[in-house]
Amino acid sequence: MKIVNDVRPTTMYAALARQLTGEIESGRYKVGQKIPTEAELQQRFDVSRHTVREALRDLKDRGLLTARAGIGTVVRAKGSSTRFMQGIGTLKELIQFVEATRMQVLKRRVLVADDDLAERLAVKAGQELHEAFVLRFLPKETAPVASMYIYVRAEHGNVLDHIDKAGQPVFSLVEKHHGVRIVEVRQQIVASNLEPSEARVLKARTSTPALNISRQYFDNQDRMVMASVGLYPSDRFSHNTKFRIQSLDEKEAP
């Protein structure tokens, strides 16, 4: 049997992943049921083992399949999870998260950075900042995919008036309205577990594993222009990064 492909350009493993997704959603393979082995899928769809493995990995990443010791690969869920998959490499790719979600602003305030906050945000202690606490939602979902504190310099505070309606990243609004240019983003990712107050806001269980992602955005004078500190429950968000390995003897192109 050949894979039934659609008219969009795609890879073989992506086409196979869509085929298997359709069969799971249609009920051919039920939740808890073991799916055919890699060899059986390879023979059925007339594809390479690499194609089968990549397709199965895609379905596992989306929460449809899971591997069970001594059993094999079984169906975990009938429909794709609401996890947001994000690949980060450039500022352009950071925009993906904003475009795929909607924002709800819960509160705003003006504050003066104490020593701890100043160190975390790479600003001077005593500096005035404008803060917004927001939630991010995937379309049609009622549970937030993330909660986030957003900080901007006092002279840029008016951009927070537009963040829930602009459909643009906050750093883009700062660039647009204040003529600054972001040239560098520094990011830190730390594993954590949700505290009770955090879990309530995110409509999640206390102690749920989460990613704590902090980003600081700098202009060409190495000034922190905007910063964010976000919490992302692990069952709703996945952060993917791709690295290109270059050999030591590989010469740079002229």
- Identify, by number, the condition in (1) touching a strand residue (DSSP E or B) at 6+ places or on another chain (Cβ under 7 Å); (2) modelled with pLDDT of 95 or more that GLU155 doesn't meet. (1)
- Query: From the list ALA100, ALA125, which residue is modelled with pLDDT under 80 and in the same structural domain as HIS156 (by TED's automatic domain parsing)?
  - Reply: ALA100
- Message: Tell me yes or no: at least one residue of segment 175-192 is surrounded by fewer than 17 Cβ atoms within 10 Å (Cβ to Cβ), among the hydrophobic types (A, V, I, L, M, F, W, C) and under 20 Å from MET103 (Cα atoms).
- Response: no
- Name the residues in segment 199-215 that are assigned to a helix (DSSP H, G or I) and closer than 8 Å to PRO233 by Cβ, would you? LEU202
- Candidate set from segment 216-225 (those that are touching a Lys or Arg at 6+ places or on another chain (Cβ under 9 Å) and outside any strand (DSSP E or B)); member that is modelled with the lowest pLDDT: ASN220
- Message: If the requirement is being over 30 Å from SER234 (Cβ atoms), among the β-branched types (Val, Ile, Thr) and either without any contact (Cβ under 8 Å) to a residue 24 or more places away in the chain or not in a helix (DSSP H, G or I) (or both), which of these qualifies: VAL159, VAL134, VAL152?
- Response: VAL159
- Task: Please indicate, with yes or no, whether at least one residue in segment 57-64 is crowded, with 19+ Cβ neighbours inside 10 Å and at pLDDT 90 or above.
- Result: no
- Only one of (1) over 15 Å from LEU106 (Cβ atoms); (2) among the charged types (D, E, K, R); (3) buried (at least 21 other Cβ atoms within 10 Å of the Cβ) does not apply to GLU141, and that is (3)
- Task: For SER238, indicate whether it is of a type in the set (Gly, Ala, Ser), at pLDDT below 90 and buried (at least 17 other Cβ atoms within 10 Å of the Cβ).
- Result: yes
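The values are calculated or read from the model by the stated rules, or taken from the named source; none is laboratory data. Here the structure is a predicted model, which is why all the values come from computation and not from measurement. Quick reminder, even Gly has a Cβ in these numbers, built from the backbone with ideal geometry, and neighbours come from all protein chains shown.
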